[in-house]
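Heads up, the thing below is written out as structure tokens.
Just so it is clear, none of the values below were taken in a lab; they were calculated from the coordinates. None of these values were measured; they are calculated from a predicted model. Neighbour counts are summed over all protein chains in view; Cβ atoms, including those assigned to glycine, are modelled from backbone coordinates with ideal geometry.
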Amino acid sequence: MARPGRAREPLLVALLPLAWLAQAGLARAAGSVRLAGGLTLGGLFPVHARGAAGRACGPLKKEQGVHRLEAMLYALDRVNADPELLPGVRLGARLLDTCSRDTYALEQALSFVQALIRGRGDGDEVGLRCPGGLPPLRTAPPERVVAVVGASASSVSIMVANVLRLFAIPQISYASTAPELSDSTRYDFFSRVVPPDSYQAQAMVDIVRALGWNYVSTLASEGNYGESGVEAFVQISREAGGVCIAQSIKIPREPKPGEFNKVIRRLMETPNARGIIIFANEDDIRRVLEAARQANLTGHFLWVGSDSWGAKTSPILSLEDVAVGAITILPKRASIDGFDQYFMTRSLENNRRNIWFAEFWEENFNCKLTRSGTQSDDSTRKCTGEERIGRDSTYEQEGKVQFVIDAVYAIAHALHSMHQALCPGHTGLCPAMEPTDGRTLLQYIRAVRFNGSAGTPVMFNENGDAPGRYDIFQYQATNGSASSGGYQAVGQWAETLRLDVEALQWSGDPHEVPSSLCSLPCGPGERKKMVKGVPCCWHCEACDGYRFQVDEFTCEACPGDMRPTPNHTGCRPTPVVRLSWSSPWAALPLLLAVLGIMATTTVVATFMRHNNTPIVRASGRELSYVLLTGIFLIYAITFLMVAEPGAVVCATRRLFLGLGTTLSYSALLTKTNRIYRIFEQGKRSVTPPPFISPTSQLAITFSLTSLQVVGVIAWLGARPPHSVIDYEEQRTVDPEQARGVLKCDMSDLSLIGCLGYSLLLMVTCTVYAIKARGVPETFNEAKPIGFTMYTTCIIWLAFVPIFFGTAQSAEKIYIQTTTLTVSLSLSASVSLGMLYVPKTYVILFHPEQNVQKRKRSLKATSTVAAPPKGEDAEDHK
């Protein structure tokens, strides 16, 4: 047989006295279940809970402790009764209580190695003395344990595995799932029939993602199981992405009073993280639920429990309302009918081999057995011994029973294969298996493959781990009552998740999955502004103004010719507007233009009909017709300003916008200049000034007008006119009010530049009108021209601030066009009204006044020379 190396000898010698203490003291205090056999298996079970106030052991654990221990006894009975399995070899057992404490379990497990230590320490026993000089206690030789079934808690298995590996004793756990135990370099003799928590953590991550959660907290009991389980969950969730950890809270091994209330308060620091991933033992789970109820947070937390919670009733007993909706995970298992029949027939008479069965009997039936020297408690009835499990008490098979049985059978099958290989043809043990080599046995254990008690394959990988297969449960209320509810299977996991979301039930709306999100999803038209360092948390920022949502993280501005949709999820074309004929803004300009054209046409028709009458001749027929033409063009430009912009309309606007005013003011300037020159020349001489004939006046007027025409023609050649859509002009703060403006390619300055020459003529004419204000009354047109120019200046002075003051207005196109056309019409109306309406009135309604006067003022005659031949008299009234 291969023995541990000589390097381990000092450690073995050091363990020798501790082993004797374990045998003489601890074993007496705790006791053990012993079955005789040719090969002995060890067993570690949490028959009792962890003790308080310095005590090693606490209350009895009926399911986790007694059910599992009885499952091993049941499995041994079946193996020993099977003629095909280990023929001629009987398996014995030594089963110990770990009291759910790793240090206590280590002390207990030392009894498994006593035979090895005793064998190595026999030569040194002669000189060994106890304190006080007493000889060491002599006991019966201990059984040689070939393999150990257990332990339950991962922290206990780790502690025990560190010792068993020194003596090459294989160990198979039925419940320890800590990922740390998969490290074959440290725990090379450890195997397990349950999958490690790395699989469980992956399944829990898949569940969280399937429920649409991305922000959860973790809760772990201090120790290898809880801490390594949470660590695996955090690592897998980080690698998978999409799940963030709000808080990772660890429950101390020895919690202080109020510790669990503190845990709940910490969890509520991130109230949006309603999902709680819990890797904790039963006691901690129960106390967390109690604290949640005390904090009046029933229904707030969404529990996702590991296999330590599973489908057990003990952690939630009397706390069902807090547990409603909890999703738990459990290695795939089945209820073993044969064990139910076995266990329900156990009684005080037929189960004396289990030294803790009497204590279980009292606990299970709430009665007291009468012991010698003691009296039963008056408040508790006396046990009759006729009680029956399942009849006089509730019974439900504990979840790990299947795995205890499978662990025993895995060792039995490995021993059977080893026996066949080392003892061919032998019935019973052969010298090659006495003693049994642990390293060889480990190889056979890792090679086993058989269908377990539930019909599922039992096998191990190179690390001693079983494949991951889980059932997923949810605790659901029945008919609205949590206390009468139960665990319902809602899915399973075997490398991939299959979750029946429709079968899930929740508080509130039973079929609506509650949220556990750091941030609620952003609405349409909002982007996620991520919180630094927390990829699942964000602030929703509206894509305001002219921005639209490109994706969940980006807002971009719409192109210039577009505006965002109402929900800012895209862009749409910006409506195009113009000053239409039906617009209210066009009503007044068009009305003034129509009336002006009608009045101008009436005046022209009247003058043409009475062309040779004194009034018409005295007004200067040639310049009057030019002036009236300019006035007509001024009125007509209104129609061009309202018409739909196009190349022809824009070209016509450029040409006629300044032409009418230039023609009018050129004629008025020529008239005013002529009067002024005649008056000034008359002061010095009787010789008339030059260029006062009608032909000269027309030449001067057209010369002045030609400058405007030449400038416009040059402009047309340099920049051919066309229509444009200006999307900036009405790009309002509210995109819904934004409009594209169809207009000619004329800026505000270009438009004023087009009128600039006319304004210059107007100012010059006004200057001459001021200079000619002293002309005698007989020069009857001087003062009307002056009043016309004063009024016109006032109109245009009012026009400029209105026109440029509305440049930023949303109604700019309407206000500016209306202001311009109305100002033009008013200036034309002033000229028409002051210069020609009175004459037309006299011609039409007082023809008796339209005659030539023969009497002239001597002063006027002596001052002013007679008009040249062909010139109408300027002093005619």
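Positive contributions from Lys and Arg (+1) and negative ones from Asp and Glu (-1), summed over other residues with Cβ under 15 Å from the Cβ of Cys540, come out at -1.
Explain nothing, just the number: relative contact order of the range 526-573, from Cα pairs under 8 Å at least 6 residues apart, as a whole percent. Intermediate results must be reported in sequence, preceding the final value.
Working: 84 pairs, mean separation 14.7, N = 48.
The normalised contact order for the range 526-573 reaches 31 percent.
Within 12 Å, Cβ to Cβ, of Ala151, how many net charges do the neighbouring residues add up to if Lys/Arg are +1 and Asp/Glu are -1? Residues near Ala151 contribute +2 overall. Listed by chain and number, the aspartates and glutamates whose C-alpha is less than 18 Å from the C-alpha of Lys532, apart from same-chain residues fewer than 8 away, are Glu541, Glu552.
Before anything else, pin down the relative contact order of the range 584-844: Cα pairs under 8 Å, at least 6 apart, normalised by residue count, whole percent. Show your work: numbers first, answer last.
Details: 311 pairs, mean separation 69.6, N = 261.
Relative contact order of the range 584-844: 27 percent.
Of the two radii for the range 600-641, the radius of gyration is 1.07 times the Kirkwood radius, both from the alpha carbons; that is the Rg over Rh value. Each principal axis of the Cα cloud of the range 584-844 was evaluated for its coordinate range; sorted largest first, these ranges are 72, 38, 30 Å.
What value, in deg cm²/dmol to 500, does the helix sum -39500 (n - 2.57) over DSSP H runs of n ≥ 4 give at 222 nm once divided by the residues of the chain? Computed ellipticity for the chain at 222 nm equals -13500 deg cm²/dmol.
Annotation: amide H-H contacts under 5 Å for Val531 (H modelled 1.01 Å from N, sequence separation of 5 or more, or interchain): Cys537, Trp538, His539. The string of couplings for the range 495-500 from the Karplus curve (6.51, -1.76, 1.60, θ = phi - 60°) is 6, 10, 8, 10, 10, 8 Hz, one whole number per residue in order, with x for Gly and Pro.
With helices defined as uninterrupted DSSP H runs, which ones in the chain have an alpha carbon span along their own long axis of at least 30 Å and mean Kyte-Doolittle hydropathy of at least 0.5? Don't skip to the end; give the middle numbers.
Numbers: long enough: 401-422 (31 Å, 0.94); 584-609 (38 Å, 1.53); 621-642 (33 Å, 1.68); 647-684 (55 Å, 0.11); 694-718 (36 Å, 1.21); 748-771 (33 Å, 1.46); 782-805 (35 Å, 1.38); 812-835 (34 Å, 1.01).
Helices meeting the span and hydropathy rule in the chain are 401-422, 584-609, 621-642, 694-718, 748-771, 782-805, 812-835.
The length gained by stretching the chain between Lys532 and Ala421 to full extension, at 0.36 nm per residue less their Cα-Cα distance, is 33.7 nm. Charged side chains reduced to their Cβ positions (Lys and Arg at +1, Asp and Glu at -1) give the chain a dipole of some 4320 debye around its Cα centre.
Recomputing Cα extents along the principal axes in Å from the coordinates shown identifies the correct label among [x] 106, 74, 68; [y] 89, 73, 64; [z] 171, 61, 54 as [z]. Full extension of the segment from Arg253 to Thr695, taken as 0.36 nm per residue of separation minus the current Cα-Cα distance, would add 147.1 nm.
When only alpha carbons of the range 462-505 are considered, Rg and Dmax amount to 14.3, 48 Å. Pairs of Cα atoms nearer than 8 Å and 6+ residues apart set the relative contact order; for the chain it is 10 percent.
With the convex hull constructed from alpha-carbon coordinates only, the range 280-377 shows a mean projected area of 9.3 nm² over all directions.
Inter-label distance, Arg719 to Ala542: 3.9 nm, where each label sits 7 Å from its Cα along the C-beta direction.
Count the net charge of all other residues whose Cβ sits under 10 Å from the Cβ of Gln64, scoring Lys and Arg as +1 and Asp and Glu as -1.
That works out to +2.
Rounded to the nearest 0.05, the FRET efficiency derived from the C-beta distance between Arg353 and Glu396 at R0 = 25 Å is 0.60.
Note on the range 526-573: Cα-only Rg and Dmax are 11.9, 40 Å.
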